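Inspection log for the structure reproduced underneath, given as structure tokens.
Each reported figure results from applying straightforward, stated rules to the coordinates on display, with no laboratory input. Note that this is a predicted model, so its numbers are computed, not measured. Note: ideal-geometry Cβ built from the backbone for every residue, glycine included; neighbour counts use all protein chains shown.
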Amino acid sequence: MSNLPADGLMPFHAMEILKRAKAIEAGGRTVCHLEVGEPGSPPAPRVLEAVRQALPQAQGYTNAKGLPELREGLATYYAHQHNAAVDPDNIVTTMGSSAGFIIAFHTAFQPGARIAITRPGYPAYVNTLLGLGFAVTEIPLFPENGWKLTGADIAAAHEQTPFDGLLFASPANPTGAAVDRAQLADIVATCNQLGVQLISDEIYHGLDYRGPSVSALELTSNAIVINSFSKYYCMTGWRVGWMVLPDHLVRRAEILQQNLFISAPTLSQIAATVALSERDYSEQQKAGYAANRALLDDGLRQIGFQTGSPSDGAFYAYADISSFSNDSMSFCERLLEEAGVAATPGIDFDRAGGNRYVRFSYAGKAETMEIALERMRAFLK
Ligand SMILES: Cc1ncc(COP(=O)(O)O)c(C=O)c1O
């Protein structure tokens, strides 16, 4: 476990690599994009059609919590998908899950509160928390345990330095690790016992290759659940997500939303409402990711990366590069400059041990994976 200093804000290296990759492309070379976690396909055709039709009228703000039809659609989603009863009044539509985190932190915690996250984990967690003046405890995860967080890990870290909240994702970024129902129940129970506010980031729900993702809402009404249309619904740039809050936190979250963001983008909310009924389209995309997952896993292993077992969910392979390098940043820089393959250095996700890892996103097209593997094979010879 480690406690990070408050001035530890770092760049989001995936975005830095993307910036450099775009510059290389502007110079006339091609780049295989395996760095950002972005679906290669647009949203479902009906989503785009609905937005075309709504465009002339949809110019104003919406209610701060979001369009009633969207929140009702989300409540129906929880009933069907998770057998969980959620009141649409407990849902706040947000500008992507990124805005949901800011609202969640300021809703649930006092300034300076301490929040635990996992290491490795999504880089914006630590950077957002530190940037907003919260204290951060990192709980290390290990490949031997499939990169999964356990109640015992949480309790051990809490005993060393007590914390007020825990933010964690399943399936996770960058490892794709997902906890099953019993494992999630263990995490929920431990948080309840310790008086720790759980924030469950469920952005990769739906993108699960070993059985349906379990929502914290199936197990407790105390958790704050954060989700987004970015990944499963292929809508990263639309900046729309949502959060589900326990009764006692809803009003404060609404007030923060009113003041910080006013409302999520209106057109995006209209698009999101339609996207909820287009899950067949999302399932088709997922089938493509599943094929890429197998392709990349095989290919990386053949080249000499150590990949462990393929990820449970999301669309990432978190590969051990220690047979090639002990410096993931310079490895990724050379891979980009010399081989035209963009990948994200593990230090984005893990400042302590990420020098030995690289994250490859398999959200793009199969052809991109194939070319990237070819290029890496030649580069690493
Ligand atoms: C675990 C996790 N949470 C949240 C986000 C942010 O997503 P958005 O703000 O687009 O909803 C990402 C993006 O990659 C992520 O990987």
Inset, instruction - Could you let me know the centre-to-centre spacing of the stretch 235-277 and the stretch 25-80, using Cα atoms, in angstrom? - result: 12
Inset, instruction - Go ahead and run the numbers for FRET between SER323 and ALA294, Cβ-Cβ distance against an R0 of 22 Å, rounding to 0.05. - result: 0.50
Inset, instruction - State log₁₀ I(q)/I(0) for the stretch 16-159 at q = 0.16, 0.20, 0.22 Å⁻¹ as given by the Debye formula over alpha-carbon point scatterers of equal weight, solvent excluded. - result: -1.27, -1.27, -1.28
Inset, instruction - State, in angstrom, two size descriptors of the stretch 58-277 derived from its alpha carbons: Rg to one decimal place and Dmax to the nearest whole number. - result: 16.4, 51
Inset, instruction - Could you calculate the contour length gain from GLN306 to ARG252, that is, 0.36 nm times the residue separation minus the distance between their Cα atoms, to one decimal place in nm? - result: 14.8 nm
Legend entry - Estimated distance in nm for a label pair at ALA189 and ILE262, the labels positioned 7 Å out from Cα along Cα-to-Cβ: 4.8
Legend entry - Calculated on alpha-carbon atoms, Rg and Dmax of the chain in Å: 20.2, 59
Legend entry - Estimated 222 nm signal from helices in the chain, with DSSP H stretches of n ≥ 4 weighted -39500 (n - 2.57), rounded to 500: -13500 deg cm²/dmol
Inset, instruction - List the lysines whose Cα lies under 20 Å from the Cα of LYS286, skipping any in the same chain that are fewer than 8 positions away. - result: LYS231, LYS365
Legend entry - Gain on full stretching of the segment that runs from GLU333 to GLU218 - 0.36 nm per residue minus C-alpha separation: 37.1 nm
Inset, instruction - Order the peptides 298-306, 199-207, 350-358, 45-53 from the highest to the lowest mean number of other Cβ atoms within 10 Å of their residues. - result: 199-207, 350-358, 298-306, 45-53
